[in-house]
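Working notes, beginning with the structure itself.
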Amino acid sequence: MQTLQTLAPIFFMAGLGWLARTRKWITPEQKDGANQIVFGLLFPIMVFNLLASSTLQPSIAGIVAVILICYCVFYCLGKTLLRRLFGPYATISPFLLTTAEGGNFALPLFLSIVGTQSPSAGDPMLLDLAGVAFCFLIIPLLLPGYTDKKASGREIFKTIIHSPMVIAAFSGLFLNVTGLYAWMQQTSWFGLYSQIMSTITAAILPLILFIIGFNLEFSPRILKPAARFVAVRVLLFAGIIALLYLLFPATMENPDFAAAAWLYFMGPVGFGVIVQITPLLHTEEERAYCSGIITLNMLVTLVVYVVLAVMMG
């Protein structure tokens, strides 16, 4: 019964989003407006709070380094050994083999299991630090090799510092590692701060789930190449999970952190990557391919989520 109580709201809101799109109750433009409010403003505030209040594992720096190295290796594999598997999508597929969507997808699912007040609540965002680095630091350096446009170091830096998610992530980590958040907890106004964060969190999660459901869309014509790509991606990211169990067994013994890892790495490519490689998406077919692999990968994540909710419920 507890598992059903956890799963029902998730699938209800996602289903409502899907129904709103198929029945045209909400237009894509209206959804985009809600998307901007949630992911451009409210969600970074929640990420900031989660990372500021998270219990940082001593091994987290090593874990982030290993993940970042894996992303670089996957990109290189996509450019070389795996290139023939991706056919007409070989140019964009190496980018899609990297990163996972932590903040906008894995995190809300994870929070529905452990709760927003859990010391482990920020674990998916800690895992996502490598994805943030690859998306906002490495991809801008790679793109000029595919296009005629040469991005200057100044332009890349401006892109990074103007990203609300990047600002929120590193600001939250700064408060955590410097002890400023612990100091805040001792002040008389911390209760007010906590209440504000609780209000923001309550508003965000249902909207995120609605938007996830709204975005579930698939074009049958790209089923075969998208399914082949997702199979390769899931296999590679399962390798990252196995590597974490091998190199950081003590950390992975924590069931909450292990659940965060499974949800995160079984998720779709980071949505920021899609935005970054927009200059490479020249045809509607390529855009449909990106949408298709994200949708298929989301379904894989939802299966993993149901299993974890049953096991941990």
### Query
Which of the residues that make up segment 228-242 are within 14 Å of Leu299 (Cα to Cα) and exposed (fewer than 14 other Cβ atoms within 10 Å of the Cβ)?
Ala231
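Which ones in segment 194-233 are closer than 17 Å to Leu109 by Cβ and part of a loop (DSSP other than H, G, I, E, B)? Please lay out each step first, then the result.
If we filter segment 194-233 for residues that are closer than 17 Å to Leu109 by Cβ, which is where we start, we get 201-202, 204-216.
Passing the criteria: Asn215, Leu216.
Name the single residue that is modelled with the lowest pLDDT among those in segment 267-286 being of a type in the set (A, V, I, L, M) and open to solvent by 10 Å² or more (accessible area, probe 1.4 Å).
Residues of segment 267-286 of a type in the set (A, V, I, L, M): 269, 273-275, 277, 280-281.
If we keep only those that are open to solvent by 10 Å² or more (accessible area, probe 1.4 Å) too, we end up with 274-275, 281.
Values: Ile274: 81, Val275: 73, Leu281: 83.
Here the answer is Val275.
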### Summary
Within segment 259-286, the residues that are assigned to a helix (DSSP H, G or I), touching a residue at least 12 places away in the same chain (Cβ under 8 Å) and within 15 Å of the chain's Cα centre (by Cα) are Ala259, Ala260, Ala261, Trp262, Leu263, Tyr264, Phe265, Phe271, Gly272, Val273, Ile274, Gln276
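In segment 112-126, what residues are within 19 Å of Ala309 (Cα to Cα), within 13 Å of the chain's Cα centre (by Cα) and part of a helix (DSSP H, G or I)? Outline the logic, then answer.
Start the filter on segment 112-126 by keeping residues that are within 19 Å of Ala309 (Cα to Cα), which leaves 112-124.
This time we only want the ones that are within 13 Å of the chain's Cα centre (by Cα), so: 122-124.
Those that are within 19 Å of Ala309 (Cα to Cα), within 13 Å of the chain's Cα centre (by Cα) and part of a helix (DSSP H, G or I): Asp123, Pro124.
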### Task
Starting from segment 237-258, take each residue that is within 13 Å of Ser120 (Cβ to Cβ) and list its partners that are open to solvent by 60 Å² or more (accessible area, probe 1.4 Å) and not aliphatic (A, V, I, L, M), counting only C-beta distances under 6 angstrom and pairs at least six apart or across chains.
Met252/Tyr245
### Message
Take the conditions open to solvent by less than 70 Å² (accessible area, probe 1.4 Å), out of contact with any strand residue (DSSP E or B) (no Cβ under 8 Å at 6 or more places or on another chain) and either outside any helix (DSSP H, G or I) or under 25 Å from Gly115 (Cβ atoms) (or both) and apply them to Tyr289. Does it pass?
### Response
no
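Tally the residues that are open to solvent by less than 30 Å² (accessible area, probe 1.4 Å) and either under 15 Å from Met197 (Cβ atoms) or at pLDDT 85 or above (or both), restricting the search to segment 109-123.
Residues in segment 109-123 being open to solvent by less than 30 Å² (accessible area, probe 1.4 Å) and either under 15 Å from Met197 (Cβ atoms) or at pLDDT 85 or above (or both): 6 in total.
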### Query
Does any residue in segment 212-227 that is open to solvent by 30 Å² or more (accessible area, probe 1.4 Å) come within less than 6 Å, Cβ to Cβ, of a residue that is not small (Gly, Ala, Ser) six or more places away or on a different chain, and which pairs are these?
Leu216/Trp18; Leu216/Thr295; Phe218/Thr295
### Task
With a cut-off of at least 1 residues that are within 18 Å of Ala133 (Cβ to Cβ) and open to solvent by 50 Å² or more (accessible area, probe 1.4 Å), name the helices (runs of 4 or more DSSP H) lying wholly within segment 26-103.
60-79
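Going by the structure shown, is Leu308 modelled with pLDDT of 95 or more and either open to solvent by 60 Å² or more (accessible area, probe 1.4 Å) or at negative phi (or both)? Give the derivation first.
On the way: modelled with pLDDT of 95 or more: no; either open to solvent by 60 Å² or more (accessible area, probe 1.4 Å) or at negative phi (or both): yes.
No.
The values are calculated or read from the model by the stated rules, or taken from the named source; none is laboratory data. Predicted model, so just to flag it, every value in this text is computed and none were measured. Here Cβ is always computed from backbone atoms with ideal geometry, including for glycine, and neighbour counts include all displayed protein chains. The protein model used for the area step is the full one, side chains on, heavy atoms only, and it has no ligands, DNA or RNA in it. Shrake-Rupley method; radii C 1.70, N 1.55, O 1.52, S 1.80 Å.
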